[in-house]
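A.B. asks: Have a look at this one.
The values are calculated or read from the model by the stated rules, or taken from the named source; none is laboratory data. Owing to the predicted nature of the structure, the values given are computational and were not obtained by experimental measurement. All Cβ positions, glycine included, derive from the backbone under ideal geometry; neighbour counts span all protein chains shown. Heavy atoms of the whole protein, side chains included, go into the accessibility calculation; ligands, DNA and RNA do not. Shrake-Rupley method; radii C 1.70, N 1.55, O 1.52, S 1.80 Å.
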Amino acid sequence: MWARGQRDGKRHQQAKFTASKLSSSHYCALALLLSVVLSSCAFFLPDSGLAWLFMVDMLLVIHGLYLKNKITALLRIALVQLAVTLPFYYLFHGDGQLFEGMLVVLRVFLALLPGWWLSSTQPPERLGEVLCWGLPAKWAFVIAASIGLLPFMLQETKEIYAMQRLRGANISPKALRNPKNWPEVIHCVLLPVLIQLLKLSKQMATAAKFRHFGKAPKPTHWPSTREDK
């Protein structure tokens, strides 16, 4: 009788885990669909609809910040893009098209926001599972692994930038105002980040090979650690 009760308890726990996994997978699928739709709307909506899209994206930002995710890197990208795009618009079109250049930067920023929210709120293993519903397992693995690497690579870029600054590289925000220092960013930051990315990709490919990835007709997905908390 005690053994039967123990088996029933295990079955109950297994059924509970399966139900939570299904619900998390469906939630991840809805989040992925929402991100794709919102990112597409950033390019296809008319200028009059960008205000509504901005308000919807701000809800995603609030949700991401509530989960203690940082958006500073995305804001810096938007500021750099704004600083690069507006001078070109001024040179080629004059000051009459500066507002149009700001709208272009805004559209790109609104297209990036849903992707930031998706990668910040959904674990890579769940994204890989959802992508397997419509894509080959290897493609889903590559996309999910790339999304999962984004926070790590941002942190690596910050550390490499800080170390190069300590070594005397002229890559401070003030020094980068001079275009002569721009090649130093490529040699001191971008190339080391690229080498680190290639090294990490090779390690991930080796780990997947040792785990016989791709040999099973229906691959399994590791349970998310966020679901256990």
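A.B. asks: Tyr90 versus (1) modelled with pLDDT under 85; (2) within 15 Å of the chain's Cα centre (by Cα): which is the lone unmet condition?
C.D. replies: Failed condition: (2).
Conditions tested, residue by residue: (1) open to solvent by 80 Å² or more (accessible area, probe 1.4 Å); (2) closer than 26 Å to Thr157 by Cβ.
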{"site": "Met55", "(1), (2)": "yes, no"}
{"site": "Met58", "(1), (2)": "no, no"}
{"site": "Leu65", "(1), (2)": "yes, yes"}
{"site": "Lys68", "(1), (2)": "yes, yes"}
{"site": "Ile77", "(1), (2)": "yes, yes"}
{"site": "Gln81", "(1), (2)": "no, yes"}
{"site": "Phe88", "(1), (2)": "yes, yes"}
{"site": "Asp95", "(1), (2)": "yes, no"}
{"site": "Leu98", "(1), (2)": "no, no"}
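A.B. asks: Moving on to the next point. Somewhere in the stretch 30-46, is a residue loosely packed, with under 15 Cβ neighbours inside 10 Å, of a type in the set (Gly, Ala, Ser) and under 19 Å from the mean Cα position of the chain (by Cα)?
C.D. replies: Checked the stretch 30-46: at least one residue is loosely packed, with under 15 Cβ neighbours inside 10 Å, of a type in the set (Gly, Ala, Ser) and under 19 Å from the mean Cα position of the chain (by Cα).
A.B. asks: Which residues, counting only those in the stretch 190-208, are touching a residue at least 12 places away in the same chain (Cβ under 8 Å), under 18 Å from Gln164 (Cβ atoms) and under 20 Å from the mean Cα position of the chain (by Cα)?
C.D. replies: If the condition is that a residue be touching a residue at least 12 places away in the same chain (Cβ under 8 Å), under 18 Å from Gln164 (Cβ atoms) and under 20 Å from the mean Cα position of the chain (by Cα), then Val193, Gln196, Leu197 are the ones that fit.
A.B. asks: Further question on the same structure: Within the stretch 150-157, does at least one residue satisfy the condition of being modelled with pLDDT under 80, surrounded by fewer than 18 Cβ atoms within 10 Å (Cβ to Cβ) and within 25 Å of Phe43 (Cα to Cα)?
C.D. replies: Looking for residues that are modelled with pLDDT under 80, surrounded by fewer than 18 Cβ atoms within 10 Å (Cβ to Cβ) and within 25 Å of Phe43 (Cα to Cα), one finds at least one in the stretch 150-157, hence yes.
A.B. asks: Quickly run through the stretch 113-132 and pick out the residues that are within 24 Å of Thr85 (Cβ to Cβ) and either without any contact (Cβ under 8 Å) to a residue 40 or more places away in the chain or in contact with an Asp or Glu (Cβ under 9 Å, 6 or more places away or on another chain) (or both).
C.D. replies: Those that are within 24 Å of Thr85 (Cβ to Cβ) and either without any contact (Cβ under 8 Å) to a residue 40 or more places away in the chain or in contact with an Asp or Glu (Cβ under 9 Å, 6 or more places away or on another chain) (or both): Leu113, Pro114, Trp117.
A.B. asks: Continuing with the same structure: Quickly run through the stretch 120-136 and pick out the residues that are open to solvent by 30 Å² or more (accessible area, probe 1.4 Å) and either touching a Phe, Trp or Tyr at 6+ places or on another chain (Cβ under 8 Å) or closer than 20 Å to Phe152 by Cβ (or both).
C.D. replies: Within the stretch 120-136, Pro124, Glu125 meet the criteria.
Quick grid of which residues meet (1) of a type outside the set (A, V, I, L, M); (2) touching a helix residue (DSSP H, G or I) at 6+ places or on another chain (Cβ under 7 Å):
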{"position": "Leu75", "(1), (2)": "no, no"}
{"position": "Leu79", "(1), (2)": "no, no"}
{"position": "Phe109", "(1), (2)": "yes, yes"}
{"position": "Pro124", "(1), (2)": "yes, yes"}
{"position": "Pro151", "(1), (2)": "yes, no"}
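A.B. asks: Select, from Ile147, Ile160, the only residue that is assigned to a helix (DSSP H, G or I) and at pLDDT 85 or above.
C.D. replies: Ile160
A.B. asks: Another one. Pairs, please: C-beta under 7 Å, at least 6 apart or cross-chain, first residue more than 20 Å from Phe43 (Cβ to Cβ) and in the stretch 84-104, second acidic (Asp, Glu) and surrounded by fewer than 15 Cβ atoms within 10 Å (Cβ to Cβ)?
C.D. replies: Every condition considered, no pair remains.
A.B. asks: Continuing with this model, one more query. Select, from Val130, Val108, Val104, the only residue that is at pLDDT 80 or above and under 20 Å from Gly64 (Cα atoms). Break it down stepwise before answering.
C.D. replies: On the way: Val130 fails: under 20 Å from Gly64 (Cα atoms); Val104 fails: under 20 Å from Gly64 (Cα atoms).
Answer to the check: Val108.
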